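Working notes, structure below.
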Amino acid sequence: MADMNLIRPQGTAEDWTVPQDWAAYSREEHATWDTLFDRQVRMLPGRVTPEFMAGLDVLRLSKPGIPDFEELSERLMRATGWQVVAVPGLVPDDVFFDHLANRRFVAGNFIRRADQLDYLQEPDVFHDVFGHVPLLVHPVFADYMQAYGIGGRRAAGLGAIERLSRLYWYTVEFGLVRSGDELALYGAGIVSSFTESVFALDDPSPNRIGFDLKRLMRTKYRIDDFQQNYFVIDSFEDLLDQTLNTDFGPLYAELDGAPDIEIEAILPNDHVHTRGTQAYARAKVTA
């Protein structure tokens with residue numbers, strides 16, 4: 001998701017897509033993908049939701065090198081009717097929503113430099129493909145992503161994109177899910193990050209709070225560091241059910257003018273899985 005004031009780069013189609021141009025990737029760029037892929041698949045088993053690992057297998061993402069979007073889309077289309085389309089970078093919200101509503105996932109066609117393995121502000125092909133696409137093999141999560149896109153088009157007309165963007169941030173990008181008595185990773189921003197894959201589950205600093213749609217949509221988030229809050233869904237089925245069976249129009253009206261909730265806050269009605277120490281955030285402030 002991005003600012004509506006973005007200017008469409010020269011050479012892009014009306015829907016902001018571009019050819020992936022897979023043949024243009026250098027040996028070094030493929031090697032960067034392989035390095036990122038190898039260290040994530042070594043540490044994620046037992047930490048990430050099993051549906052993610054199953055998606056990696058279905059899509060054959062273990063093949064060396066940056067995936068070819070045409071091959072990837074063929075497998076994904078057979079699984080859930082989705083495809084991956086290349087874009088040169090961030091796209092406007094309305095373009096993003098329209099692609100999701102039509103079961104197209106936009107992925108950057110560039111990859112970070114070898115000296116940027118641990119952090120890149122703008123999502124690249126590793127974040128977009130490794131982080132997001134495996135769960136699109138799961139039928140329920142695939143339907144949730146399409147429902148989000150359809151809801152995004154409505155939110156744009158109601159001036160509520162900021163509220164809805166928080167739902168995306170705290171689920172699709174940085175969500176946790178219950179897995180028996182434990183918590184598991186599923187958000188793309190976590191599973192594509194070596195350091196946050198550890199921090200999100202193991203560090204005592206962040207709060208881990210049960211998913212509550214209204215509460216989540218009032219909660220601020222940060223884009224430049226580890227999260228101070230993670231929201232925990234019970235299941236993908238419950239996430240989809242709440243999305244499909246909530247009338248977002250009245251919800252946006254109810255939230256209009258309601259004060260934002262500070263990131264680190266714990267409310268009396270929160271279902272707290274872990275009350276964080278916030279030590280990491282305080283350390284960053286005083287550093």
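Convex hull volume per residue, computed on the Cα atoms of segment 64-119, equals 106 Å³. Shape call for segment 163-287 from the C-alpha gyration tensor, a ≥ b ≥ c root eigenvalues: rounded (a/c under 1.5), prolate (a/b greater than b/c) or oblate? It comes out oblate by the Cα gyration axes. For Tyr230, the residues whose amide H sits under 5 Å from its own are Asn207, Arg208, Ile209, ignoring neighbours fewer than 5 places away on the same chain, with H placed 1.01 Å from N.
With all protein chains kept in place, the per residue accessible area of the chain amounts to 46 square angstrom at a probe of 1.4 angstrom. Of all beta bridges that DSSP places with both ends in the chain, some 30 percent have antiparallel geometry. Quick one: pull the percent of accessible area on the chain belonging to carbon and sulfur, 1.4 Å probe, ligands and nucleic acids left out. The C+S portion of the solvent-accessible surface of the chain is 50 percent. For Cα extents along the principal axes in Å, the value computed from the atomic coordinates appears in the list (i) 55, 40, 38; (ii) 54, 43, 42; (iii) 67, 43, 43 under label (i). Compute the Cα gyration tensor for segment 63-166, then decide on rounded, prolate or oblate, letting a ≥ b ≥ c be the square roots of its eigenvalues: rounded whenever a/c is under 1.5, prolate when a/b is larger than b/c in the other cases, and oblate in all that remain. Oblate, since a/c reaches 1.5 and b/c is not below a/b. Estimated from helices alone, the mean residue ellipticity of the chain at 222 nm is -12000 deg cm²/dmol (sum of -39500 (n - 2.57) over DSSP H runs with n ≥ 4, per residue). When the surface is traced with a 1.4 Å probe over the full set of protein chains, Val58 keeps roughly 70 Å² accessible. Give me the net charge of His132's neighbourhood, meaning all other residues with Cβ under 14 Å from the Cβ of His132; Lys, Arg count +1, Asp, Glu -1. That sum, taken over residues with Cβ under 14 Å, equals -2.
Long hydrophobic helices in the chain: the complete DSSP H runs spanning 27 Å or more by Cα along their own axis with mean Kyte-Doolittle hydropathy of at least 0.0 are 139-158.
Can you give the translational diffusion coefficient of segment 1-128 in µm²/s, computed by Stokes-Einstein from the Kirkwood radius over Cα pairs at 25 °C and 0.890 mPa s? Result for D is 157 µm²/s.
For the chain, a Gaussian network of Cα nodes joined below 10 Å ranks Ala253, Ala101, Ala23 by mean-square fluctuation, and the top entry is Ala23.
The values are calculated or read from the model by the stated rules, or taken from the named source; none is laboratory data. Because the structure is predicted, anything quoted here is derived from the model rather than measured. Positions of Cβ are generated from backbone atoms using ideal geometry, with glycine treated the same way; all protein chains shown enter the neighbour counts. Ligands, DNA and RNA are stripped out before the accessible areas are found, and what is left, the full protein with its side chains, is counted by its heavy atoms. Shrake-Rupley method; radii C 1.70, N 1.55, O 1.52, S 1.80 Å.
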